[in-house]
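A.B. asks: This structure is in C-alpha cells; I'll ask about it shortly.
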Amino acid sequence: MPITIRSAIPTDVHTILNFVRELAEYSREPGTVVTTDQRVADALFGPDPILHALVAEKDEEIVGVVTYFFTFSTWLGMPSLYFEDFLVRQSVRGTGIGRQMMTHLARIALKRGCGRMECSVYDWNTSSIGFYLKIGAVPQADQRVYRLTGDSLTMLAGEAMRETSRPSFSRSE
C-alpha cells in the first residue's frame with residue numbers, strides 16, 4: 001500500500017503526542033514530555049496556530065510524524081522552517097518514508113519563501129546525522145544551542161518585570 005504524507009488534522013493530536021513521547025524516550029529523556037493533548041491541539045489548530053505537523057500514513061496507520069514552525073533569518077531576510085519531533089516507526093525505517101516527509105517539508109518551505117530548513121540533532125544520534133547528511137544537510141559545528149528554562153527563565157523574566165515597573169523619568173521632569 002502506498003504512503004500518504006499529509007498535514008495533521010485534529011483527530012491526529014493524541015497520536016502525534018504519543019510519537020513525541022516515543023521520541024523523548026529514544027532521546028534518552030523519558031518522562032520529560034509534560035504537555036497535554038489540549039496544549040498540542042491549541043498550538044496546531046487554535047486561532048493563531050504556531051505549530052504545524054505532517055503525518056505519514058501506511059495502511060491507514062500513522063507511521064511517521066514531524067512537527068515544524070517558522071522562524072525568520074535576519075541575515076537572509078527570509079523565513080526559515082525549523083522542524084523537530086521527527087520520528088518514523090522502527091518497523092518502516094529504511095523504506096523511504098523519512099525522505100518523502102523531508103521532501104514534503106522542503107516543498108512547504110519553498111512555497112512559504114523560506115531560505116533554509118533547520119533542526120537540532122543529538123551528537124550521539126548517528127543514524128539521524130547520517131540521514132540528514134545523505135539528503136544534503138550541513139552541520140553547523142560552530143554553533144551551540146543554549147536554552148533558558150525553568151527557574152532561569154522565570155528569574156530573568158522577573159528581572160525584566162522589575163525593571164519595567166520602576167518609574168521612569170524624562171529629562172523634562
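The values are calculated or read from the model by the stated rules, or taken from the named source; none is laboratory data. Everything numeric here is computed off the predicted structure, so don't read it as measured data. Ligands, DNA and RNA are excluded from the accessible area calculation, which covers all protein heavy atoms including side chains. Shrake-Rupley method; radii C 1.70, N 1.55, O 1.52, S 1.80 Å.
A.B. asks: Defining a contact as two alpha carbons under 8 Å apart and six or more residues distant in sequence, what relative contact order in percent does region 71-160 show? Please report the intermediate quantities before stating the final value.
C.D. replies: Details: 48 pairs, mean separation 24.4, N = 90.
After rounding, I find 27 percent.
A.B. asks: Just from the alpha-carbon atoms, what are the Rg and Dmax of region 1-150 in angstroms?
C.D. replies: Taking only Cα atoms of region 1-150, I get Rg and Dmax of 15.4, 45 Å.
A.B. asks: Which one, Leu133, Leu87, Leu148, has the greatest fluctuation when you compute a Gaussian network model over the chain with C-alpha springs under 10 angstrom?
C.D. replies: In the Gaussian network model the winner is Leu148.
A.B. asks: Which of the helices in the chain, when you take each full DSSP H run, stretch at least 30 Å along the axis at their Cα atoms and have an average Kyte-Doolittle score of 1.0 or higher?
C.D. replies: Membrane-span-like by this rule: not one helix.
A.B. asks: Would you work out what percent of the accessible area of the chain, with all protein chains in place, is carbon or sulfur (probe 1.4 Å)?
C.D. replies: Values: 6660 of 12250 Å².
Carbon and sulfur: 54 percent of the exposed surface of the chain.
A.B. asks: Oh, and also: With contacts defined as alpha carbon pairs under 8 Å and 6 or more residues apart, what's the relative contact order of the chain in percent?
C.D. replies: On the way: 176 pairs, mean separation 28.2, N = 173.
That works out to 16 percent.
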